[in-house]
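Step one of this worksheet: look at the structure below.
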Amino acid sequence: MLVMTFNLRFENETDNENSWSKRRDMVTGLIRRYSPSILGTQEGMGPQLDYLKDNLPEYCLYAPQRTMDDISQYPTIFFRRDEFVALDGGEFWLSKTPNAHRSKDWDSAFPRMMSFCLLRPVGGGADLWAAVTHLDHLGKQARHEQAKIIADWVIRRNGPVILMGDFNDSPGSSAHSVLTAPETGLIDTWQARNLEEGAGSFTHHSFTGVARQARMDWILVSNHIGVADAQIIKDHIENRYPSDHFPYMARLVSL
């Protein structure tokens, strides 16, 4: 089973040649090329998500409880219709009032949220929880508290869990430590393959193809799941990239 996390870069016309309208076909082309079973996107605004829904009919966009507005960037789960059916799901804001739309606390620059669903494999096998999130890019305390909220959610799940997203932090950070703590029970898929940390693993590149800052896009899994492979996808067309983040993908197996 292939799982991909992909920060789409929000719809921002000041990106000029890298604006959404000029790269959206690259985004859908990349998704079709790799055909992940489960896809978690970040920064998608309403029109962007509608475009993916309309142009990737093989995928189900699952957000049954979503309150849409014109300014929010929504972490969103897509799954292949021929591989899974959704049994349950929802989303909440990473704040002290998680059911309050666009709520934020601590030093979070923006409201942040998590979306999740319970998936049943069409061909048989264990049900699994898939979740996608996007932690704050400025607030260090906020990232720590947001990670604690997510960890509490993970601990209360039964069965396999896949958590993916843009965590705006590096391995070894407070947020990473909270989510991969023994009591949370999640494993970093990159580390599970003993892959090298450092500049070659960084995922944010500002449309340049030269990644800086950190390996901030993660796929974390519970110990019900094995990691067969993991890769950062650096596809481009004539030095133009589908987003300012490289997508990250892991091949997972049931244990």
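The values are calculated or read from the model by the stated rules, or taken from the named source; none is laboratory data. Please read these numbers as outputs of a predicted model, since none were measured by experiment. Neighbour counts run over all protein chains shown; Cβ positions are idealised from the backbone, glycine included.
When D82, D105 are screened for being touching a residue at least 24 places away in the same chain (Cβ under 8 Å), over 22 Å from F6 (Cβ atoms), part of a loop (DSSP other than H, G, I, E, B) and not hydroxyl-bearing (S, T, Y), only D105 passes. The residues of region 128-154 that are among the polar types (S, T, N, Q) and within 22 Å of F10 (Cβ to Cβ), listed by number, are T133, Q146. Looking at (1) at pLDDT 95 or above; (2) more than 17 Å from the chain's Cα centre (by Cα), which is the one condition that is false for A199? Condition (1) is where A199 drops out. Could you list, in sequence order, all residues of region 225-255 that are in a loop (DSSP other than H, G, I, E, B), more than 19 Å from D166 (Cβ to Cβ) and either modelled with pLDDT of 95 or more or charged (D, E, K, R) (or both)? Scanning region 225-255 gives H236, E238.
Among the residues making up region 129-148, those that are over 24 Å from D70 (Cβ atoms), out of contact with any Ser or Thr (no Cβ under 8 Å at 6 or more places or on another chain) and free of Cβ contacts under 8 Å to residues at least 60 places away in the same chain are W129, Q141, E145, K148. Taking the condition surrounded by fewer than 18 Cβ atoms within 10 Å (Cβ to Cβ), of a type outside the set (D, E, K, R), more than 24 Å from F202 (Cα to Cα) and within 19 Å of the chain's Cα centre (by Cα), does A86 pass? Spelling it out, A86 is indeed surrounded by fewer than 18 Cβ atoms within 10 Å (Cβ to Cβ), of a type outside the set (D, E, K, R), more than 24 Å from F202 (Cα to Cα) and within 19 Å of the chain's Cα centre (by Cα).
Yes/no per residue for (1) part of a loop (DSSP other than H, G, I, E, B); (2) without any contact (Cβ under 8 Å) to a residue 40 or more places away in the chain; (3) in contact with a strand residue (DSSP E or B) (Cβ under 6 Å, 6 or more places away or on another chain):
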| residue | (1), (2), (3) |
| --- | --- |
| V3 | no, no, yes |
| E17 | no, no, no |
| S21 | no, yes, no |
| T28 | no, yes, no |
| R32 | no, yes, no |
| Q48 | no, no, no |
| I71 | yes, yes, no |
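Just name the residue that is surrounded by the fewest Cβ atoms within 10 Å (Cβ to Cβ) out of those in region 139-169 that are within 15 Å of the chain's Cα centre (by Cα) and polar (S, T, N, Q). Going through the qualifying residues, I end up with N168.
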